[in-house]
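Novice: This is the structure I want to talk about, given as structure tokens.
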Amino acid sequence: LSGSNSVVTWGRGEDGQLGHGDAESQNIPAVVQALEGQACDEVICGAEYTIAVSHSRQKTWSWGWGDFGRLGHGNPTDLFLPKEISSLCNIK
């Protein structure tokens, strides 16, 4: 998370956990464009998935390896771009 609240990822991208729209690894830090302007202030990283939170907007996004429903979208689909977790919208 950058000082301007941009989500920045790099490393192994095999499962889409970097959020750049593909399964490519990233050798240098790159901004997750899908979350620009979303005021993210927290990022949680697992080995194969990532979660970003905007407390001010009361929104949560996840992406990466979706096996076993781990991304919170009600299915086991892998995601290569951040997707808002609708069941967590506006929860305080």
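Novice: In the range 1-21, what residues are free of Cβ contacts under 8 Å to residues at least 24 places away in the same chain, open to solvent by 30 Å² or more (accessible area, probe 1.4 Å) and in a strand (DSSP E or B)?
Specialist: Residue satisfying the conditions is W10 alone.
Novice: Only one of these conditions is not met by Q38: (1) open to solvent by 60 Å² or more (accessible area, probe 1.4 Å); (2) not in a strand (DSSP E or B). Which number is it?
Specialist: (1)
Novice: Using the structure shown, decide if V53 is open to solvent by less than 30 Å² (accessible area, probe 1.4 Å) and of a type in the set (A, V, I, L, M).
Specialist: yes
Novice: Being open to solvent by 60 Å² or more (accessible area, probe 1.4 Å) and in contact with a Cys (Cβ under 8 Å, 6 or more places away or on another chain), is that true of even one residue in the range 57-69?
Specialist: Checked against the condition, which is being open to solvent by 60 Å² or more (accessible area, probe 1.4 Å) and in contact with a Cys (Cβ under 8 Å, 6 or more places away or on another chain), the range 57-69 yields at least one hit.
Novice: Just for the range 48-92: of the residues that are β-branched (V, I, T) and part of a loop (DSSP other than H, G, I, E, B), which one is nearest to D15 (Cα to Cα)?
Specialist: T77
Novice: Next up: Applying the selection to the range 22-35, what residues are exposed (fewer than 14 other Cβ atoms within 10 Å of the Cβ) and either touching a residue at least 24 places away in the same chain (Cβ under 8 Å) or touching a Gly at 6+ places or on another chain (Cβ under 7 Å) (or both)?
Specialist: D22, E24, S25
Novice: Could you tell me whether S54 is among the hydroxyl-bearing types (S, T, Y) and over 15 Å from L81 (Cα atoms)?
Specialist: yes
Novice: Please verify whether A47 is open to solvent by less than 40 Å² (accessible area, probe 1.4 Å), over 12 Å from the mean Cα position of the chain (by Cα) and either hydrophobic (A, V, I, L, M, F, W, C) or modelled with pLDDT of 95 or more (or both), treating the condition exactly as stated.
Specialist: For A47, the condition - open to solvent by less than 40 Å² (accessible area, probe 1.4 Å), over 12 Å from the mean Cα position of the chain (by Cα) and either hydrophobic (A, V, I, L, M, F, W, C) or modelled with pLDDT of 95 or more (or both) - is not met.
Novice: Sticking with this structure for a sec: Among the residues of the range 22-35, count how many are assigned to a loop (DSSP other than H, G, I, E, B) and farther than 13 Å from G64 by Cβ.
Specialist: Adding up the residues that qualify gives 2.
The values are calculated or read from the model by the stated rules, or taken from the named source; none is laboratory data. All figures in this text were calculated on a predicted structure; none of them were measured in a lab. Neighbour counts run over all protein chains shown; Cβ positions are idealised from the backbone, glycine included. Areas reflect the complete protein model, heavy atoms only, side chains present, ligands, DNA and RNA absent. Shrake-Rupley method; radii C 1.70, N 1.55, O 1.52, S 1.80 Å.
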